[in-house]
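Take a look at the structure set out below.
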Amino acid sequence: MARKNGKPSSYSDYTLEDLRAILGLDNRKENLNLLHTLVPPSDFLVTTLQRNQVLPINTEKARAELLITPILVEWITQNPQKLQYLSGNTFDVEPQKFLKGRCDYLFTKHLSLDIVAPVVAIFEAKDDNVDNWYGQCGAEMYAAKLFNEQKNEPYPIIYGAVTDGYEWVFLRLENNVLLIDKERYYLRNLAELLGVLKTIMDFYV
Amino acid sequence: MEKIIKIPSSYRYYKLADLKNICGITYADADKMLAPVQDIPVSAILKTILERNASLPMLNEKAKSELLVMPILTEVWALNKNFKPISGATFNVEPRKGLKGVADFLISSNPNAREIEMPVVAIFEAKDDKLESWYGQCGAEMYAARLFNEREDNNIHTIHGAITNGVAWQFLKLEGQTLFIDTQIYAIANLPQLLGAIQKVYNFYK
């Protein structure tokens with residue numbers, strides 16, 4: 001997708017400037033304080049990730065398949081019936097504001113196979129600098145907020161994350177501000193990363 | 001009057017007719033193309049992965065690739081460390097013929113492959129609908145793989161491929177000017193046999 005007339009054409013070209021100009025969304029760094037407890041990974045997850053890291057992992061697709069999906073699947077399936085995991089779904093919410101496109105990973109409280117409000121978190125996988133993608137993830141999170149409101153399931157807080165598979169930055173949308181966590185979490189410290197994911201799940205269930 | 005041939009913009013838009021008109025490749029059914037296939041026992045790790053993943057929605061190509069296809073290819077790679085699946089790489093071989101775009105899973109038998117390396121021996125495409133709609137795309141990628149190998153004077157001329165919707169797999173083989181389409185469909189329901197079929201493809205290059 002490419003920008004047209006200085007505007008994004010979909011989520012993937014949204015920048016932080018677009019969030020401000022089109023959606024009136026401010027942003028700042030903040031300590032989100034997401035790590036409350038360590039959650040040790042299963043031996044199974046450790047083995048899977050060790051094995052997968054030997055494979056070529058240069059593209060977003062490879063990172064999603066080999067590094068990101070196994071972690072998110074562990075998070076969701078070890079806490080069954082809490083959040084629904086939806087990978088690669090199209091999420092067209094407000095095309096006039098370019099809030100359309102696919103979300104890499106979208107989580108809802110409703111356990112159906114289609115996207116039902118409330119959408120509570122959206123994570124984006126990338127193969128380059130995670131800092132370049134706060135705009136895209138923020139746009140998807142804002143769309144989630146709008147979607148929830150449209151469906152009469154308003155939710156005050158939406159979580160997000162941008163990851164290249166190795167490094168994770170978590171985001172929170174609250175009071176029309178996109179908060180970007182000062183702290184970063186890493187594949188090499190899975191107990192912390194799974195701990196943060198647990199905090200997010202506990203927040204909603 | 002010369003026939004005007006429209007060039008597809010990338011692999012994705014290639015149909016069997018394009019393969020014939022642009023690349024001179026015709027297709028033929030191949031009865032039990034990979035037979036005999038030897039069953040391969042399923043490892044505990046793959047069993048656990050697939051059991052876990054089974055409870056999650058897989059309604060599109062991305063989810064199927066992540067939850068079904070890559071775990072299976074990783075399992076076969078663990079038994080054949082020289083055959084690495086390279087996922088989602090851009091494979092632009094002959095842009096003026098539309099032989100460009102992203103190949104879902106490209107297999108190189110170069111043990112050091114980090115990105116697309118010679119020789120490319122097989123290409124697997126994941127789809128979320130009818131397998132038969134994608135023979136043209138997969139065939140075009142296989143044809144490009146052969147061109148890619150030939151440019152490096154590599155003597156691998158037979159390229160394998162498959163199209164999968166995650167549940168069913170149909171294998172293809174490009175040999176000479178013919179794209180062979182296996183009449184047998186392999187399925188995740190018989191996983192030892194499916195693993196054996198992929199193994200059979202790799203054995204061809206050992």
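Remarks
- A search for C-beta distances below 6 Å between a residue of the stretch A:78-105 that is closer than 20 Å to A:E149 by Cα and any residue that is in a loop (DSSP other than H, G, I, E, B) and of a type in the set (K, R), counting only pairs 6+ apart in sequence or on different chains, returns A:D92/A:K100.
- Looking only at the stretch B:3-25, and only at residues there that are assigned to a helix (DSSP H, G or I) and among the aliphatic types (A, V, I, L, M), the one that is nearest to B:Y135 (Cα to Cα): B:L16
- The stretch A:77-101, residues that are closer than 20 Å to A:L111 by Cα and outside any loop (DSSP other than H, G, I, E, B): A:T77, A:Q84, A:Y85, A:L86, A:S87, A:T90
- Within the stretch A:111-144, the set of residues being farther than 15 Å from A:R20 by Cα, polar (S, T, N, Q) and in a helix (DSSP H, G or I) comprises just one member, A:N132.
- Conditions (1) crowded, with 16+ Cβ neighbours inside 10 Å; (2) at pLDDT 95 or above; (3) over 30 Å from A:F91 (Cβ atoms): number failed by B:N21: (1)
- Filtered residue count, the stretch A:36-55, keeping only those that are away from chain B (no Cβ under 13 Å), surrounded by fewer than 16 Cβ atoms within 10 Å (Cβ to Cβ) and among the hydrophobic types (A, V, I, L, M, F, W, C): 1
- Test: B:R52 is in a helix (DSSP H, G or I) and either more than 8 Å from chain A (Cβ to nearest Cβ) or within 18 Å of the chain's Cα centre (by Cα) (or both): no
- Residues within the stretch A:56-79 that are modelled with pLDDT under 95 and within 7 Å of chain B (Cβ to nearest Cβ), tallied: 3
- Any hit, the stretch A:114-123, residues being out of contact with any strand residue (DSSP E or B) (no Cβ under 8 Å at 6 or more places or on another chain), surrounded by fewer than 22 Cβ atoms within 10 Å (Cβ to Cβ) and more than 13 Å from every other protein chain (Cβ to nearest Cβ): no
- Filtering the stretch B:115-138 to residues that are surrounded by fewer than 17 Cβ atoms within 10 Å (Cβ to Cβ) and within 13 Å of B:T90 (Cα to Cα) leaves only B:E115.
- Considering the stretch B:119-157, the residues that are of a type in the set (V, I, T) and touching a residue at least 40 places away in the same chain (Cβ under 8 Å) include one that is nearest to B:N60 (Cα to Cα), namely B:V121.
- Restricting the stretch B:62-101 to residues that are at the interface with another protein chain (Cβ under 7 Å from one of its Cβ atoms) and farther than 18 Å from B:L191 by Cβ, the residue that is surrounded by the fewest Cβ atoms within 10 Å (Cβ to Cβ): B:A89
- Residue, farthest from B:S65 (Cα to Cα), within the stretch A:76-104, restricted to residues that are surrounded by 21 or more Cβ atoms within 10 Å (Cβ to Cβ) and aromatic (F, W, Y): A:F98
- Filter pass, B:A189 being at pLDDT 95 or above, under 29 Å from B:I5 (Cα atoms) and among the small types (G, A, S): no
- Residues within the stretch A:30-78 that are under 29 Å from B:L106 (Cα atoms) and not acidic (D, E), tallied: 28
- For the stretch B:137-165, the set of residues classified as at pLDDT below 95, out of contact with any Phe, Trp or Tyr (no Cβ under 9 Å at 6 or more places or on another chain) and not in a helix (DSSP H, G or I) consists of B:E152, B:D153, B:N155, B:H157, listed by residue number.
- Residues in the stretch B:102-115 that are facing chain A (nearest Cβ under 9 Å), part of a loop (DSSP other than H, G, I, E, B) and not acidic (D, E): 2 in all.
- Filter pass, B:A28 being over 30 Å from A:T77 (Cβ atoms) and in contact with a Ser or Thr (Cβ under 6 Å, 6 or more places away or on another chain): yes
- Among the residues making up the stretch B:55-84, those that are of a type in the set (A, V, I, L, M) and part of a helix (DSSP H, G or I) are B:A63, B:L67, B:L68, B:V69, B:M70, B:I72, B:L73, B:V76, B:A78, B:L79.
- Residue match in the stretch B:40-48 (condition: touching an Asp or Glu at 6+ places or on another chain (Cβ under 9 Å), farther than 26 Å from B:G98 by Cα, buried (at least 18 other Cβ atoms within 10 Å of the Cβ) and away from chain A (no Cβ under 11 Å)): yes
The values are calculated or read from the model by the stated rules, or taken from the named source; none is laboratory data. Here the structure is a predicted model, which is why all the values come from computation and not from measurement. Every residue, glycine among them, receives a Cβ derived from its backbone with ideal geometry; neighbour counts consider all protein chains shown.
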